[in-house]
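Inspection log for the structure reproduced underneath, given as structure tokens.
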Amino acid sequence: MAYSYVRGRLRRGGRAKTSLVSPVLLTLSLSSLAATGAAGQTLTQPPAPVELTTVVVRPPAGTSGQGDGIGGVTPTDTGIITGDEAARATVFTSDTGSLISRIPGGAAWGAGGVSSLPQVNGMSADRVQVAINGMIFSPACPNEMNPPLSYLNPAMVSKVKVYTATAPVSVGGDFTGARADVTLAQPTFTAGQALTTSGSVSGFYRSNGNSYGTDVNATVSNADTNITYTGGWARASDYSSGNGTVIKSTMYETQNHALSISKQFQDQIFTFQIGGQFIPYQGYVNQYMDMTENKSIFFNGAYEGMFDWGKLEAKTFFSRVRHTMGFIEPDKSGDMPMDTRSTDLGYAVKATIGLSPSDIARIGNELYYNKLDDWWPPVSGSMMMGPNTFYNINNGQRLRFGYFAEWEHALNAQWSTIIGARNDIVWMNTGDVQGYNAMMYGANAAAFNALDHARTDFNIDGSAILRYQPNASSTYELGLARKTRSPNLYERYAWSTNAMAMDMIGWFGDGNGYVGNINLVPEKANTVSFTATWNDPAKKAWELRVSPYYSYVQDYIDVQRCALPGCLANLSNNLTATDSFVFLQFANVDAWLYGVNIDGKLALWDNPQLGQGVFRGALNFVRGQRTDGVNLYQIMPVNATLALDHTLGHWTNTLEVQLVGEKTEVSQVHNEVETSAYALLNFRTSYQVQRLKVDFGIANILDTEYNLPLGGANLVNYQVSSMMGTSPAWGYPVAGPGRSFNTRVTVNF
């Protein structure tokens, strides 16, 4: 189905927008400094004992040397998603954000079809910082409809490394939950000066939602040059749940592109990359608005060079996002355009210095700047939404300047440590605001404009990791960290208590309205984690990893029932209502989270007649609560994945069971709705011969009807009569997709 855009609205049946947006990015990279002990896959072999007999080690032939980011020991609880895993996921999804659910402790908040928000160990949204080739995309929508991972199709991903809250300080600052480092189009080089071409073209189809699209990767390279294009396009209609109900406002269309040029000069690599996105429409079943256009362009530059003393890395980037919300008819009707323009730019410099055969130091400096304008044009003929433009965020600015120092030390062949500290200073400010008119919005605007908007946060972080590897079959790691996150511009500066305006704020998908709090302070997460891994000496027969953790978060940025006069005028029982949508204000509270992630694998058989069979399993549990007894919002219930992988000749097969417990520990402040337990059965098979690969899969084989525990509230399918005609009914979660037959064909060249 095509859609046409008409000032804040999209109409079905119109001519589809297909304009292409070009973008840019720059990435340089080179040889890496030796520090043995880098971890690998989600469950990887433990690192070898840390013995630095020389400071500099050249990268493997044919690679850029780009990779780990911290250049040394990768924490054993780090989650890894490889490029192959991301590409295989396209059989089932076009949502790159959903890939996070494949790592231990990972989950995804439901949003648009390609725009889910990541969760790691119970920490979600802005608490999970996402960097794409070093670029950080700030919220560019009051509903966060365009999170960072939505700017990539899954097949564009080269690698994702997800660091938890006890990560070394050199990984980054301004997050309390996790940091996801995404590598896009990592350059590789081939032997000789003759140019070599390689790549792939894929097409896919999924029956549920009539979803289809294509992905393209193409590379031209030789010994010192690499030119790579990667991109994709996808479209889907509304999907159906297990009982056949069409879940409205779940359609989307997206395209993403990136072109990079890399050049290697002896011990240095330069890569220039340009990329961007165009989304003409994306429905949101758990929001009052839909995305009616999202365009972006980005540039990124980075440098890696080897010197006698170690390695120097430098990155810089620029990105611009232009975003519009409105209504996609007929599921949502009306006229209320909402516009956002966001600019992000920054740099990061890091030096990794070999001090001795057993000591490495890292020092670095970062700067990130975001400028945000969020305005809602007047609606002709509307008394409520006119005659003036509503300025939600007017010239909002957020500048973060950070620096760190870190020391990695090998005590002996079994023991190693990483200790570091960092300081991030965050400056925030915004201009004066106005509403659609003085009668309905004037008092709020005047009160906000009378305040001093400038705020400065001085944030101190620290981390310490102690690793013990007594032998080749076991590793034990203890992590301690303090991580700090300052509020985003919407949390601090959203100002109106008008009911309609509040309903437009919030990325929680719960149907509630939100207002900011200019007096918010940064949240501080104090986390301890312990990870143990065991495996057979050959690292082929079995592996097991167990990772318990605990976080106490001071000044956790949550919400309270809004007690401001405007909120109580909207809903007189706002402070006590238990079975309706309510109005909330961002507030600092203290909270704690604890949990455990367990994953492992076991080889079942390996012979020429039956091929190889491997059992995989993962179990995740997390609990989160404020110190006043209120449960934290959208905490994933206990869940497990059990899978049997089978390989025989050209065939690869997987039978998988997903088990999710009931969600009863719900947030009383949000009036969060409980969900029931469920089990899903999935199957995937692929056949590859020479340059052709064919994938086939069945998602939700038994066509199970279930509700998404992190899907939020269904605001479209269920309506009740109201003064406005109809309004969303409270108490209905979003149902998950029913059975889907999926296929993908890939041709390599």
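The values are calculated or read from the model by the stated rules, or taken from the named source; none is laboratory data. Computed from a prediction, not measured in an experiment: that's the story for all the values here. We place every Cβ from the backbone using ideal geometry, glycine too, and count neighbours over all the protein chains shown. For accessibility, only protein heavy atoms count, side chains too; no ligands or nucleic acids. Shrake-Rupley method; radii C 1.70, N 1.55, O 1.52, S 1.80 Å.
Observations
- Taking 4.7 Å between C-beta atoms as the pairing limit, the chain has these partnerless cysteines: CYS141.
- For LEU604, residues with placed amide H under 5 Å, excluding near neighbours: GLY613, VAL614, PHE615
- Net charge dipole size for the range 80-168 [Lys, Arg +1 and Asp, Glu -1 on Cβ; Debye, nearest 20]: 160 debye
- Local charge for ILE353 was computed over the other residues whose Cβ lies under 15 Å away, with Lys and Arg +1 and Asp and Glu -1, and equals -3.
- Dipole check for the chain: with +1 at the C-beta of Lys and Arg, -1 at the C-beta of Asp and Glu, and the Cα centre as origin, the magnitude is about 1200 Debye.
- Count Lys and Arg as plus one, Asp and Glu as minus one, and take only other residues whose Cβ is under 14 Å from that of SER150; the net charge is then -3.
- With contacts taken as Cα pairs under 8 Å and at least 6 residues apart, the chain reaches a relative contact order of 13 percent.
- Residue among LEU593, ALA180, SER358 farthest towards the positive dipole end of the chain, charges placed on Cβ: ALA180
- Stretchable slack from ASP452 to SER580, in nm (0.36 nm times residue separation minus alpha-carbon distance): 42.6 nm
- Inter-centroid distance (Cα atoms) of the range 709-749 relative to the range 491-567, Å: 23 Å
- Counting only protein heavy atoms and a 1.4 Å probe, the chain has 36 square angstrom of accessible area per residue.
- The alpha-carbon atoms of the range 289-372 define a convex hull whose volume equals 113 cubic angstrom per residue.
- Spin-label pair LEU604/THR664, simplified geometry with 7 Å Cα→Cβ offset, distance in nm: 3.3 nm
- Surface share of carbon and sulfur [accessible, 1.4 angstrom probe, percent] for the range 275-324: 60 percent
- Kirkwood radius and radius of gyration were both taken over the C-alpha atoms of the range 111-250, and their ratio Rg/Rh is 1.05.
- The portion of the accessible surface of the range 163-232 made up by carbon and sulfur, rounded to a whole percent, is 61 (1.4 Å probe; DNA, RNA and ligands excluded).
- For the listed peptides 178-190, 75-87, 273-285, 334-346, a ranking on the average number of other beta carbons within 10 Å per residue, highest first, reads 273-285, 178-190, 75-87, 334-346.
- Taking only the alpha carbons of the range 595-727, we obtain Rg and Dmax values of 20.8, 71 Å in that order.
- Each label was represented as a point 7 Å from its Cα along the Cα-to-Cβ direction; for LEU399 and LEU568 these points are 4.1 nm apart.
- For VAL596, the shell of other residues with beta-carbons less than 15 Å away shows a net charge of -1, using +1 for Lys and Arg and -1 for Asp and Glu.
- Partner lysines for LYS332 [C-alpha distance under 17 Å; skip if fewer than 8 residues away on the same chain]: LYS248
- Centre-to-centre, using Cα atoms only, the range 399-449 and the range 228-300 are separated by 27 Å.
- Links that overshoot a 26 Å alpha carbon limit, given the list LYS161/LYS524; LYS524/LYS601; LYS159/LYS539; LYS371/LYS483; LYS159/LYS350: LYS524/LYS601
- Looking at the chain alone, DSSP beta bridges between its own residues are antiparallel in about 95 percent of cases.
- Dipole of the range 447-525, positive direction: furthest Cα of ASN517, SER474, LEU451, with charges on the beta-carbon: SER474
- One decimal place: the segment TRP407-LEU644 gains 81.2 nm when fully extended, by the rule 0.36 nm per residue minus the C-alpha distance.
- Net length gained if the chain between ALA679 and VAL694 were fully extended (0.36 nm per residue, minus Cα distance): 2.7 nm
- Answer label, with volume of the Cα convex hull per residue in Å³ calculated from the coordinates and candidates (i) 141; (ii) 188; (iii) 173: (i)
- Two-site label geometry, SER380 and THR743: point separation in nm, points 7 Å out along Cα→Cβ: 4.9 nm
- Close amide H partners of ALA185, meaning residues 5 or more places away or on another chain with modelled amide H under 5 Å apart, are SER158.
- All-pairs Cα distance distribution in the range 200-287, expressed in whole percent, bin size 5 Å: 3, 12, 17, 15, 13, 11, 9, 7, 6, 4, 2, 1, 0
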